[in-house]
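Have a look at the structure below, then the notes.
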């Protein structure tokens, strides 16, 4: 893959890469580290990517592994979930109080549901792609998604989302 | 997926399409910085044609990892310092880490990759086997976590070690330790005969099957000696419980060579004795089996 094409692909998936990294690390500085590291790892092994159509799931798998590795080191001292509390209301730029956004509902889920939901809804990955990225079997991804749907329904119904 | 879920997915995907993900400026800046760094690196690489001429793709990778990554990420610098680069030709490095930690569970899985300068199938086959084994272990860990909804206690650790790496012989050992109620440890040794670039198992070392009786008898003898010397040591060789009794070594039994050419036969935890004996190993003197070694293994092993 040519350099320009590689960079273009990264730019194209920058948002989903951030969403996936944030679902794991929940901290912008760590996300920047994980994404930067993943880009270099991917760049170094870009010759191995034979099918350019799978670039997105390939880079997300590299990112997922990198972020999980960073989290492991971090988890030795800090409980990541304790750092984050869901706020029911957010102040928009216009200063108006709004109901929680879908993103906040997703962020309130526990792992592995947060990452699975992010990969499925935000990154548009199929169940088998998620299984490959997160190294979980397909039946387990389906099980995780099913539970995540139930949890999201509960949060969103409470918020009168639909 | 039922219609209820399908409809829910459609609604959520509609909401996702309306919701923009704002990538924070610091993340955007790091992405730009990294990409421009790589662009500049490639320009420099093109000027130095010697790299391309010697076909050293691996060398370029090493340069990127050693020179560029530590400048971009402090966590990478820390991780890279732990990558062992061994021997003159075969190299082993951690290509992946799986991890999970919560109050009741812990998983730390290191996945090694063997890089053989000879470009042999042996290294590829080992990597494939290691990859499949570690993925299976990780999947099972998560499956159990799901099944018990986190209410169980379990741990999974795997590490690796390069036992031998000479011009003639290469041995990689993968160690797996699981805890779910009781702890269980097992090993998997992989050997490459550098002369033929083939994976070798215990049976492949010998001309005929007589090795099995020679090694098994010697191990049983050593077990008996140890039990006679120390009452606390117990091996399952006295037929009190035939289901557990150690009958014989297997064709692909875990082993490794000592520097003097003796063979060490390793057993997993609970394979030939209770937990108290751990993972026992027994050294088999070369003098016992040298006559039945295949000609190609008679001399410079390891």
* State yes or no: is residue A:44 more than 30 Å from residue A:158 (Cα to Cα), at pLDDT 80 or above and touching a strand residue (DSSP E or B) at 6+ places or on another chain (Cβ under 9 Å)? => no
* Only residues that are surrounded by fewer than 18 Cβ atoms within 10 Å (Cβ to Cβ), out of contact with any strand residue (DSSP E or B) (no Cβ under 9 Å at 6 or more places or on another chain) and assigned to a loop (DSSP other than H, G, I, E, B): list them for segment B:246-276, please. => B:246, B:247, B:248, B:250, B:251, B:252, B:260, B:274
* **segment B:7-26, residues that are within 41 Å of the chain's Cα centre (by Cα), more than 8 Å from chain A (Cβ to nearest Cβ) and assigned to a helix (DSSP H, G or I)** => B:25
* To do: Return the total of residues in segment A:24-50 being within 18 Å of residue A:73 (Cβ to Cβ) and more than 8 Å from chain B (Cβ to nearest Cβ).
  => 8
* Structure fact -> Per the list (1) modelled with pLDDT under 90; (2) assigned to a strand (DSSP E or B); (3) within 14 Å of chain A (Cβ to nearest Cβ), residue check on residue B:111 breaks on (1)
* To do: Answer yes if at least one residue in segment B:281-300 is buried (at least 16 other Cβ atoms within 10 Å of the Cβ) and in a loop (DSSP other than H, G, I, E, B), and no otherwise.
  => no
* Asked: Can you tell me which of B:196, B:113, B:120 is over 29 Å from residue A:144 (Cα atoms), out of contact with any helix residue (DSSP H, G or I) (no Cβ under 7 Å at 6 or more places or on another chain) and surrounded by 14 or more Cβ atoms within 10 Å (Cβ to Cβ)?
  -> B:120
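For residue B:29, state whether it is touching a strand residue (DSSP E or B) at 6+ places or on another chain (Cβ under 9 Å), assigned to a helix (DSSP H, G or I) and modelled with pLDDT of 70 or more. Outline the logic, then answer.
Values: touching a strand residue (DSSP E or B) at 6+ places or on another chain (Cβ under 9 Å): no; assigned to a helix (DSSP H, G or I): yes; modelled with pLDDT of 70 or more: yes.
For residue B:29, the condition - touching a strand residue (DSSP E or B) at 6+ places or on another chain (Cβ under 9 Å), assigned to a helix (DSSP H, G or I) and modelled with pLDDT of 70 or more - is not met.
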* To do: List every residue pair whose Cβ atoms sit under 7 Å apart, with the two residues 6 or more apart in sequence or on different chains, where the first one lies in segment B:1-27 and is farther than 29 Å from residue A:31 by Cβ and the second, anywhere, is surrounded by 10 or more Cβ atoms within 10 Å (Cβ to Cβ).
  => B:5/A:149
* Structure fact -> Here the residues within segment B:155-181 that are over 24 Å from residue B:264 (Cα atoms) and crowded, with 18+ Cβ neighbours inside 10 Å are B:156
* Structure fact -> When segment A:120-144 is checked residue by residue, the ones that are in a helix (DSSP H, G or I), at pLDDT 90 or above and within 12 Å of chain B (Cβ to nearest Cβ) are A:120, A:121, A:122
* Asked: Looking only at residues in segment B:79-104 that are away from chain A (no Cβ under 13 Å) and buried (at least 17 other Cβ atoms within 10 Å of the Cβ), which one is modelled with the highest pLDDT?
  -> B:92
* Does residue B:130 meet the test of being within 14 Å of chain A (Cβ to nearest Cβ) and in contact (Cβ under 8 Å) with a residue 60 or more places away in the chain? -> yes
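When you check residue B:177 against the structure, is it in contact with a strand residue (DSSP E or B) (Cβ under 6 Å, 6 or more places away or on another chain) and under 30 Å from residue B:295 (Cα atoms), yes or no? Outline the logic, then answer.
On the way: in contact with a strand residue (DSSP E or B) (Cβ under 6 Å, 6 or more places away or on another chain): yes; under 30 Å from residue B:295 (Cα atoms): no.
Criteria not met by residue B:177.
Quick check on residue A:37: is it surrounded by fewer than 19 Cβ atoms within 10 Å (Cβ to Cβ) and out of contact with any strand residue (DSSP E or B) (no Cβ under 6 Å at 6 or more places or on another chain)? Lay out the reasoning, then the answer.
Details: surrounded by fewer than 19 Cβ atoms within 10 Å (Cβ to Cβ): no; out of contact with any strand residue (DSSP E or B) (no Cβ under 6 Å at 6 or more places or on another chain): yes.
It is false that residue A:37 is surrounded by fewer than 19 Cβ atoms within 10 Å (Cβ to Cβ) and out of contact with any strand residue (DSSP E or B) (no Cβ under 6 Å at 6 or more places or on another chain).
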* State all residues of segment A:98-119 that are outside any helix (DSSP H, G or I), within 14 Å of the chain's Cα centre (by Cα) and more than 10 Å from chain B (Cβ to nearest Cβ); if no residue qualifies, say none. => A:108, A:109
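Would you mind finding the one in A:24, A:10, A:39 that is under 12 Å from the mean Cα position of the chain (by Cα), closer than 21 Å to residue B:29 by Cβ and assigned to a helix (DSSP H, G or I)?
On the way: A:10 fails: under 12 Å from the mean Cα position of the chain (by Cα); A:39 fails: under 12 Å from the mean Cα position of the chain (by Cα).
Exactly one of A:24, A:10, A:39 is under 12 Å from the mean Cα position of the chain (by Cα), closer than 21 Å to residue B:29 by Cβ and assigned to a helix (DSSP H, G or I), namely A:24.
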* Asked: Which one of the conditions (1) on the phi > 0 side of the Ramachandran plot; (2) in contact with a helix residue (DSSP H, G or I) (Cβ under 7 Å, 6 or more places away or on another chain) does residue B:233 fail to meet, given that it meets all the rest?
  -> (1)
* Asked: Of the conditions (1) over 19 Å from residue B:32 (Cβ atoms); (2) modelled with pLDDT of 90 or more; (3) surrounded by fewer than 20 Cβ atoms within 10 Å (Cβ to Cβ), residue A:94 fails just one. Which one is it?
  -> (2)
* To do: Say whether the condition of being crowded, with 16+ Cβ neighbours inside 10 Å and under 22 Å from residue B:174 (Cβ atoms) is met by at least one residue in segment B:229-245.
  => no
* Which numbered condition residue A:19 fails, given (1) more than 10 Å from chain B (Cβ to nearest Cβ); (2) at pLDDT 90 or above; (3) under 16 Å from the mean Cα position of the chain (by Cα) -> (1)
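The values are calculated or read from the model by the stated rules, or taken from the named source; none is laboratory data. Model, not experiment: these values are computed from the prediction. Backbone-built Cβ (ideal geometry, glycine too); neighbour counts: all protein chains shown.
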